[in-house]
Amino acid sequence: MKKIGVAILGLGVVGGGAYRILTEHREFYKTTQAVDISVECVLEPNRARLEALGVPDEIVANNIAEIACDPDVNIVVECIGGVDVAREYVLDVLYGGKSVVTSNKELIAKYYHELERTAKRHSAGLYFEASCVGGVPIIRTLYDGVQSNKITSMMGIINGTTNYILTKMTEEGTSYSAALKEAQQLGYAEADPDADVEGYDAAYKLSVLSSLAFHTKIPYTKVLREGITGVCEEDIARGKALGYRLKLLAVAKQSEEGIEVRVHPAFLKKEHPLASVAGSYNAVFLTGDSVGDLMLYGKGAGDLPTGSAIVSDILYAASRVEPRYSTFKNTASPEKDVKFVTDFASSYYMRLTVNDKTGVLSKIAAIFGKYNISILELLQTPESDKATLVIVTHETHEAAIKNAVAKLNASELAKVEAVLRVVS
Ligand code: HSE
């Protein structure tokens, strides 16, 4: 039987999950995959983590050099996170000809090109299913499931932490900070929670996924990124009353006008297939020219779901005679002929405080008219001499809404308190 030795760098949430799956399923993989996968080494300085997982002392390495030159190690799993040390360690083991499996989306989004070049030079594999959308096999789907298609759009909830927070705030009225704390305790959040709540994590993932889906370079710096820290509980509640659910949405579209890639909070009608994706669950809704619509759904974060993706990559790597490389080069600059669309089309939710006086509403409506923005819904709540106005528009463009907001704020009529995109 084929024998494969694995080393795991980092036994935090994800590395620990992978360790557990590999040790608990060793016999299962012998019978179902005809491969004996043993964890030969781990690199983890935290004794508590080693003890919690029952890792035998004899497999604990002292440094990366021991792993890079260990002849019994064929595949190295990188679960350190961050990019500086992770990149250095990954390069070290690739130089040694060992294949790498990583869950590190920032590393893949920023350094894929360099890592792939090194991997090829040393005949090593480089696999990263676990870097995007936890246990959901989206990368394998893009490679092996829908490669016959021209993908025209991809829309998804691809960050478990923010989805957990927004679900808790929407369904249970939990405060933002309490919900974030829970997500951290459950092991969904990145070490630096800003990576999740400011949308960086989702932007890295969208850069990787859209580059694969559209077969071109889409640097993460091209992804419009807005997090959820500016979202008010009031807007979540008002949107909910109107039949919307707020999500941190990732959108990638390809058309004749160009490519649009964005991560931002957005309201979805509660009947939308992505609106009911709750808690740490993630989903990606793809549209291909042949397959039509396709939705993948599952846990986007956590130890065993992400460990599942890591171990699947290990089994895939173990089954290959030659490594398989992806078809994208995620460098810092896109191809010269790729045009990025920034003035994209969307509907909008707007909350305004207005003076409750005769004629105000018609003047506000005139400003919307001036920018060719058509109003779909309007709800006014009186509050002494002021009123809160919630407006949902028909589809318009980003530039039009920005101009209207600037005009409204410059007028005596209203103060725009919040603007959120509405996606149908
Ligand atoms: N922090 C990430 C998330 C983990 O919340 O989705 C999985 O990438």
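Database remark: amide H of K217 closer than 5 angstrom to the amide H of E335 (H placed geometrically; neighbours at sequence offset of 5 or more, or on other chains; Pro and chain starts carry no H).
At a probe radius of 1.4 angstrom, the accessible area of the range 1-136 per residue rounds to 42 square angstrom.
Note on R20: accessible area approximately 90 square angstrom, rounded to 10, probe 1.4 Å, nucleic acids and ligands left out. Taking only protein heavy atoms and a 1.4 Å probe, the accessible area of the range 138-299 is 48% carbon and sulfur. Annotation: amide H-H contacts under 5 Å for A189 (H modelled 1.01 Å from N, sequence separation of 5 or more, or interchain): Q184.
Sort out for me the Cα centre separation of the range 238-283 from the range 345-424, rounded to whole Å. Measuring centre to centre over Cα atoms gives 21 Å. Picking from I64, I314, I75, which is most flexible by a Gaussian network model of the chain using Cα springs under 10 Å? Of I64, I314, I75, the most mobile in the Gaussian network model is I64. Charged neighbours of V354, selected by a Cβ distance under 9 Å, balance to +2 (K, R count +1; D, E count -1). Each stretch of four or more DSSP H residues adds -39500 (n - 2.57); spread over every residue of the chain, this sum gives -11000 deg cm²/dmol at 222 nm.
Backbone phi angles across the range 78-87, fed through the Karplus curve with coefficients 6.51, -1.76 and 1.60 (θ = phi - 60°), yield HN-Hα couplings of 9, 10, 7, x, x, 10, 5, 5, 4, 4 Hz in residue order; Gly and Pro are listed as x. For the residues T327, T102, T306, a GNM of the chain with alpha-carbon springs under 10 Å puts the largest fluctuation on T327. With just the Cα atoms defining each centre, how far is the range 306-322 from the range 190-220? Give it in Å. If you average the Cα positions of each part, the centres end up 22 Å apart. For the chain, relative contact order (Cα pairs under 8 Å, six or more residues apart, normalised by length) works out to 17 percent. Computed from Cα positions, the angle between helix 13-24 and the longest principal axis of the chain comes to roughly 40 degrees.
Residue order by solvent-accessible surface for L186, L107, L224 is L186, L224, L107, largest first, with ligands and nucleic acids left out and a 1.4 Å probe.
3J(HN,Hα) along the range 55-62, derived from phi through the Karplus expression 6.51 cos²θ - 1.76 cosθ + 1.60 where θ = phi - 60°, amounts to 6, x, 4, 5, 9, 8, 7, 8 Hz, with x in place of Gly and Pro. The label point for E233 and the one for D293, both projected 7 Å from the Cα toward the Cβ, are 3.4 nm apart. Build a GNM of the chain with springs between Cα atoms under 10 Å apart, and of V14, V263, V321 the one that fluctuates most is V321. Less than 5 angstrom separates the built amide H of L126 from those of V100, R324, all sequence-distant by 5 or more or on a different chain. Using 0.36 nm per residue and subtracting the Cα-Cα separation, the extra length available between E58 and T381 on full extension is 109.5 nm.
Among the listed pairs K205/K339; K217/K299; K270/K402; K98/K205; K168/K253, a Cα-Cα separation exceeding 23 Å is found for K217/K299; K270/K402; K98/K205; K168/K253.
Applying 0.36 nm per residue to the separation of V419 and S362 and subtracting their alpha-carbon distance, the gain on full extension is 18.5 nm. Computed with a 1.4 Å probe over protein heavy atoms only, the accessible surface of the range 138-299 comes to 38 Å² per residue.
The reciprocal of the average 1/r between distinct C-alpha atoms defines the Kirkwood hydrodynamic radius, which for the range 234-278 equals 11.6 Å. Checking every one of the trypsin sites (Lys or Arg not before Pro) in the range 206-303 against DSSP loop status and a limit of 16 other Cβ atoms within 10 Å picks out K270.
With N as its number of residues, the range 137-275 has a Cα radius of gyration that, divided by 2.2 N^0.38 Å, comes to 1.09. With all protein chains in place and ligands, DNA and RNA left out, the 1.4 Å accessible area ranks L94, L43 as L43, L94, largest first. Can you classify the range 6-99 as rounded, prolate or oblate using the Cα gyration tensor, where a ≥ b ≥ c are the square roots of its eigenvalues, rounded means a/c under 1.5, and otherwise it's prolate if a/b beats b/c and oblate if not? Oblate, since a/c reaches 1.5 and b/c is not below a/b.
If you line up the long axis of helix 176-185 against the longest principal axis of the chain, both from Cα atoms, how many degrees apart are they, to the nearest 10? Taking Cα atoms only, the helix is inclined about 10 degrees. Probe 1.4 Å, all protein chains in place: accessible area of E66 in Å², nearest 10? Counting only protein heavy atoms, the figure is 80 Å². Computed 3J(HN,Hα) for the range 299-315, one whole-Hz value per residue from the Karplus formula 6.51 cos²θ - 1.76 cosθ + 1.60 where θ = phi - 60°, is 6, x, 7, x, 5, 6, x, 6, x, 4, 5, 5, 5, 5, 5, 4, 5, glycine and proline marked x. The calculated pair-distance distribution of the range 345-423 uses every alpha carbon pair, bins of 5 angstrom beginning at 0, and gives 3, 17, 31, 28, 14, 6, 1, 0 percent.
Taken over the range 278-356, the convex hull of the Cα atoms encloses 276 Å³ per residue. How many percent of the alpha carbon pairs in the chain exceed a separation of 43 Å? Summing the P(r) of the chain above 43 Å gives 19 percent of all pairs.
The values are calculated or read from the model by the stated rules, or taken from the named source; none is laboratory data. Here the structure is a predicted model, which is why all the values come from computation and not from measurement. Note: ideal-geometry Cβ built from the backbone for every residue, glycine included; neighbour counts use all protein chains shown. Accessible surface is based on the protein model in full, side chains and every heavy atom, while ligands, DNA and RNA are left aside. Shrake-Rupley method; radii C 1.70, N 1.55, O 1.52, S 1.80 Å.
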